[in-house]
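As structure tokens, the structure follows; a few thoughts come after it.
The values are calculated or read from the model by the stated rules, or taken from the named source; none is laboratory data. This one's a predicted model, so the numbers in the text were calculated from it and none came from an experiment. Neighbour counts are summed over all protein chains in view; Cβ atoms, including those assigned to glycine, are modelled from backbone coordinates with ideal geometry.
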């Protein structure tokens with residue numbers, strides 16, 4: 001492996017030369033992201049001559065402003081949602097400008113999480129564009145004294161064909177602004193056959209800024225008079241400082257002062273963890289001063305937490321009867337009738353987010369109000385926790401959103417933004433809190449550790465006559481409720497309650513587990529461990545039955561049907577079951593299609609190579625994946641090829657969607673290869689990429705083919721659904737290549753690398 005050289009983002013992009021004016025910002029951000037010289041709640045949309053909604057505005061020069069109210073972290077959502085507006089507005093994309101919204105309730109839910117941005121706001125954005133287009137048509141009709149029904153839009157203009165009259169959107173903006181906003185039922189949406197943008201693919205609106213180093217991330221935020229803070233937090237969740245000595249810290253050049261932060265009051269939720277903050281003129285001084293703090297800690301009750309012992313505890317619980325959360329037929333009776341019984345335990349450890357950009361936030365408390373700048377997935381949650389911590393009204397908190405250097409769910413939890421606000425009030429000036437990589441790894445909201453017990457009885461035909469599965473994991477709800485030990489429906493639904501097989505006897509259970517760290521959602525959440533267990537156990541049963549894995553999987557899925565969840569608390573990712581029914585036919589189709597696209601059963605595999613398959617529905621999207629691996633005599637694993645087929649309903653931006661699934665394969669590679677957070681005496685052992693590595697170029701799949709099913713179904717999620725089937729298919733491929741079954745992640749325990 002070649003040595004690693006520390007090179008800044010801008011030095012990389014500019015060969016070490018970058019204009020200081022672009023690096024050091026003034027009091028306000030570049031207008032490409034945030035408004036300059038305007039009232040805090042005003043946007044370019046608000047200030048436009050014609051702005052029929054909070055999302056779109058048009059100026060006399062024809063410029064169309066569109067607000068992006070979701071956070072951009074590499075998903076291209078800052079492009080995809082505005083594309084929907086531009087489509088039904090019939091706007092020229094080259095004349096569109098996008099601005100990032102602050103946290104504001106008028107935009108609806110701004111938590112860019114859970115793979116539902118398009119699903120939740122597709123109709124909203126269509127209506128915003130169609131409303132503006134109709135009003136422009138009405139304005140033109142009035143000017144020309146013709147019926148509006150005789151007018152229509154072309155690219156950025158309104159035309160009346162019989163008289164050959166044309167008017168640009170900018171020319172009509174002032175007149176359109178005087179008209180009443182039409183009712184939703186009066187809107188006419190563009191026909192699919194006339195779409196210019198939706199379903200066609202579009203590169204990121206921010207691509208030029210990203211590749212030239214001009215894009216503004218959280219670390220780029222500057223404001224006059226600001227200082228930097230680095231916080232030494234309690235090493236164990238719930239701990240607090242008994243005493244501290246800062247004499248040596250204060251001797252470091254550039255260090256101004258140290259300030260204690262109160263420990264959180266359980267449950268932790270999004271509160272700051274507490275600790276001692278070092279305030280300095282720059283990050284280097286803050287970091288060096290922090291190293292010289294002498295702190296005596298009271299670690300509290302979680303000091304007894306040991307991840308190895310906890311793993312055994314979870315496994316023991318999973319071997320006992322637990323709370324039944326779904327039941328079909330009589331599994332107990334079916335097991336007593338004999339047949340071949342197969343049992344397996346699966347385990348997934350705590351996982352950290354490890355985004356490329358560690359946490360950072362800048363906040364200014366002034367005159368009883370707070371203005372914050374942060375790479376956050378949820379500016380509204382930042383408003384909430386800042387208001388609560390400082391005892392001010394939520395309306396007195398403004399949260400600006402920068403670009404995010406990755407999120408994966410971590411940056412929807414704004415404890416770090418609250419830290420900056422709390423410290424700004426204490427210091428009396430703007431404070432930027434900067435987390436180190438070590439902070440990011442050690443003080444995460446981890447994806448839950450989970451132990452799954454699987455049991456099946458196979459009949460003479462090799463199919464299960466009875467199926468039992470138990471899952472035990474500390475729930476995310478424990479972060480908000482100290483008494484929560486069972487999985488909530490929102491996370492039990494994720495690949496557990498909704499096993500897609502047509503089984504005569506099925507029992508699904510969930511056991512209790514007390515959390516000792518903060519548990520949070522990470523890309524695909526509970527689907528990671530549930531999909532791993534179900535799809536790998538399916539592979540095991542296929543081998544036991546002497547069946548081809550694809551044929552066996554399709555046999556278990558059965559004929560197309562809609563799963564009946566009567567009597568089951570199944571939230572369906574917050575979507576209507578009528579609009580988004582669980583259709584096994586769609587899962588069957590992607591499975592058949594990926595087998596065909598990957599050449600399943602038709603390609604020869606040499607010794608040490610093999611393929612695995614898995615199929616999974618998550619976030620309302622159906623995905624099947626085939627992974628090919630090669631394993632040499634030293635246990636080194638390569639991934640020559642990945643094939644993935646997805647049915648996500650209407651796909652707004654295929655370009656971005658393919659990128660999401662390519663990224664999911666890399667993300668899943670990290671999980672299988674090296675994803676593991678462990679603890680001793682309550683303290684997290686891992687600290688940086690040397691002991692929590694993520695996939696590098698040589699580890700990642702060499703070729704990833706992504707196929708999108710053409711569908712007229714409503715849009716579903718695309719950011720997370722690629723991870724679960726990849727993880728399971730990868731592990732199944734390792735078995736096919738080596739005969740070693742991966743039941744515990746990461747697979748290094750079996751000697752693979």
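Given the structure, is residue 623 touching a residue at least 12 places away in the same chain (Cβ under 8 Å), under 25 Å from residue 553 (Cα atoms), outside any loop (DSSP other than H, G, I, E, B) and under 23 Å from the mean Cα position of the chain (by Cα)?
Criteria met by residue 623.
Name, by its number, the condition in (1) out of contact with any helix residue (DSSP H, G or I) (no Cβ under 9 Å at 6 or more places or on another chain); (2) under 18 Å from residue 229 (Cα atoms); (3) not in a helix (DSSP H, G or I) that does not hold for residue 481.
Just one mismatch for residue 481, condition (2).
Taking the conditions exactly as written (crowded, with 16+ Cβ neighbours inside 10 Å, in the same structural domain as residue 450 (by TED's automatic domain parsing), farther than 27 Å from residue 224 by Cβ and in contact (Cβ under 8 Å) with a residue 40 or more places away in the chain), does residue 237 satisfy them or not?
Taking the combined requirement at face value, the residue does not satisfy it.
Of everything in the stretch 721-731, what is in contact with a helix residue (DSSP H, G or I) (Cβ under 7 Å, 6 or more places away or on another chain) and assigned to a helix (DSSP H, G or I)? Give them in sequence order.
Correct list: 723, 724, 725, 726, 727, 728, 730, 731.
I'd like to check something: does the stretch 462-471 contain any residue that is under 18 Å from residue 323 (Cα atoms) and assigned to a loop (DSSP other than H, G, I, E, B)?
no
Given the residues 649, 668, 663, which is the only one that is touching a residue at least 24 places away in the same chain (Cβ under 8 Å) and at positive phi?
649
Which of the following residues is in contact (Cβ under 8 Å) with a residue 60 or more places away in the chain and out of contact with any strand residue (DSSP E or B) (no Cβ under 7 Å at 6 or more places or on another chain): 721, 746?
746 is the lone residue from the list that is in contact (Cβ under 8 Å) with a residue 60 or more places away in the chain and out of contact with any strand residue (DSSP E or B) (no Cβ under 7 Å at 6 or more places or on another chain).
Pick from 566, 538, 562: which is in the same structural domain as residue 719 (by TED's automatic domain parsing) and touching a strand residue (DSSP E or B) at 6+ places or on another chain (Cβ under 7 Å)?
After applying the criteria, what remains is 562.
To keep it simple, each residue is scored yes or no on (1) closer than 28 Å to residue 692 by Cα; (2) not assigned by TED's automatic domain parsing to the domain that holds residue 519.
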| site | (1), (2) |
| --- | --- |
| 428 | no, yes |
| 449 | yes, no |
| 455 | no, no |
| 459 | no, no |
| 462 | no, no |
| 467 | no, no |
| 472 | yes, no |
| 478 | yes, no |
| 484 | no, no |
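Would you point out which residue out of 209, 215, 229, 241 is within 25 Å of residue 417 (Cβ to Cβ), part of a strand (DSSP E or B) and within 28 Å of the chain's Cα centre (by Cα)?
From the options 209, 215, 229, 241, the qualifying one is 229.
Picking from 270, 264, which residue would you name as being in contact with a helix residue (DSSP H, G or I) (Cβ under 9 Å, 6 or more places away or on another chain) and in contact (Cβ under 8 Å) with a residue 60 or more places away in the chain?
Residue meeting the stated conditions: 270.
Can you name every one of the strands (runs of 3 or more DSSP E) wholly within the stretch 302-403 that holds 2 or more residues which are assigned by TED's automatic domain parsing to the domain that holds residue 421?
Of the strands (runs of 3 or more DSSP E) lying wholly inside the stretch 302-403, those with at least 2 residues that are assigned by TED's automatic domain parsing to the domain that holds residue 421 span 360-366, 369-374, 397-401.
Residues checked against (1) part of a loop (DSSP other than H, G, I, E, B); (2) at pLDDT 95 or above; (3) surrounded by fewer than 21 Cβ atoms within 10 Å (Cβ to Cβ):
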position: 649; (1), (2), (3): yes, yes, no
position: 667; (1), (2), (3): no, yes, no
position: 671; (1), (2), (3): no, yes, no
position: 693; (1), (2), (3): yes, yes, yes
position: 719; (1), (2), (3): yes, yes, no
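What are the pairs with Cβ atoms under 6 angstrom where one residue, in the stretch 344-356, is closer than 22 Å to residue 542 by Cβ and the other, located anywhere, is in a strand (DSSP E or B) and modelled with pLDDT of 95 or more? Sequence gap at least six, or different chains.
The qualifying pairs are 344/454; 345/453; 346/452; 347/451; 347/744; 348/450.
Kindly establish whether residue 663 is surrounded by 18 or more Cβ atoms within 10 Å (Cβ to Cβ), more than 18 Å from the chain's Cα centre (by Cα) and at pLDDT 95 or above.
Against the criterion (surrounded by 18 or more Cβ atoms within 10 Å (Cβ to Cβ), more than 18 Å from the chain's Cα centre (by Cα) and at pLDDT 95 or above), residue 663 does not qualify.
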